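The structure that follows is given in the form of structure tokens.
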Amino acid sequence: MVRYATQVSWVLIAAFALSALYELYRSTARAGTSKYDSMRGFLTQAVPFYAVAFALAVLVRTGWQWVAWTALAVAVALILVSILYYSPVMLPQRKPGPIDWLEDKVYTGLLFVAVALLLYDLLGKTLVP
């Protein structure tokens, strides 16, 4: 049986990998479109964020409660940032196309999945067929 911690880990890895590849795309192929799209910004802000994010995603597999609580807090915070800041403020300045909208919705959706799985895990609930 696959534990929730393993599922959460893979969901977070997928979300952060999608986001990192998207930010790399924005900083190379779409560089200069907005103040958020530059290689300098990617290297100084995104790379450190993704290093911590991927470390947290891997640490979730340990099953330690404090890591699960931390991951839950981070995922909820990232959802709030995505909904309240990224979508209404940053995204319009980036002159979004279909790729931009798709990445935003898939990334946020994966974070919602991670939050749901973390809540099941922390509350000791299981899904039964």
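Check Gly63, Gly124 and return the single one that is at positive phi and either under 14 Å from the mean Cα position of the chain (by Cα) or surrounded by 12 or more Cβ atoms within 10 Å (Cβ to Cβ) (or both). Walk me through it before giving the result.
Details: Gly124 fails: either under 14 Å from the mean Cα position of the chain (by Cα) or surrounded by 12 or more Cβ atoms within 10 Å (Cβ to Cβ) (or both).
Just one listed residue meets the conditions, Gly63.
Of all residues in the range 11-34 being open to solvent by 40 Å² or more (accessible area, probe 1.4 Å) and in contact (Cβ under 8 Å) with a residue 40 or more places away in the chain, which is farthest from Gly109 (Cα to Cα)?
Across the range 11-34, the extreme among qualifying residues is Arg30.
Name the single residue that is nearest to Leu12 (Cα to Cα) among those in the range 26-73 being outside any helix (DSSP H, G or I) and among the polar types (S, T, N, Q). So that I can check it myself, show each step before the final result.
Residues of the range 26-73 that are outside any helix (DSSP H, G or I), as a first pass: 29-38, 63-64.
Remaining after also requiring among the polar types (S, T, N, Q): 33-34, 38.
Numbers: Thr33: 28, Ser34: 27, Ser38: 25 Å.
This residue is Ser38.
A follow-up question, please. Test Thr108 against the stated conditions and say whether it is open to solvent by less than 40 Å² (accessible area, probe 1.4 Å), in a helix (DSSP H, G or I), hydroxyl-bearing (Ser, Thr, Tyr) and modelled with pLDDT of 95 or more.
Values: open to solvent by less than 40 Å² (accessible area, probe 1.4 Å): yes; in a helix (DSSP H, G or I): yes; hydroxyl-bearing (Ser, Thr, Tyr): yes; modelled with pLDDT of 95 or more: yes.
Against the criterion (open to solvent by less than 40 Å² (accessible area, probe 1.4 Å), in a helix (DSSP H, G or I), hydroxyl-bearing (Ser, Thr, Tyr) and modelled with pLDDT of 95 or more), Thr108 qualifies.
The values are calculated or read from the model by the stated rules, or taken from the named source; none is laboratory data. Not measured: the values here are computed from a predicted model. For neighbour counting, all protein chains shown are included, and Cβ atoms are generated from backbone atoms with ideal geometry for every residue, glycine included. The accessibility values were calculated without ligands, DNA or RNA, using every heavy atom of the protein model including side chains. Shrake-Rupley method; radii C 1.70, N 1.55, O 1.52, S 1.80 Å.
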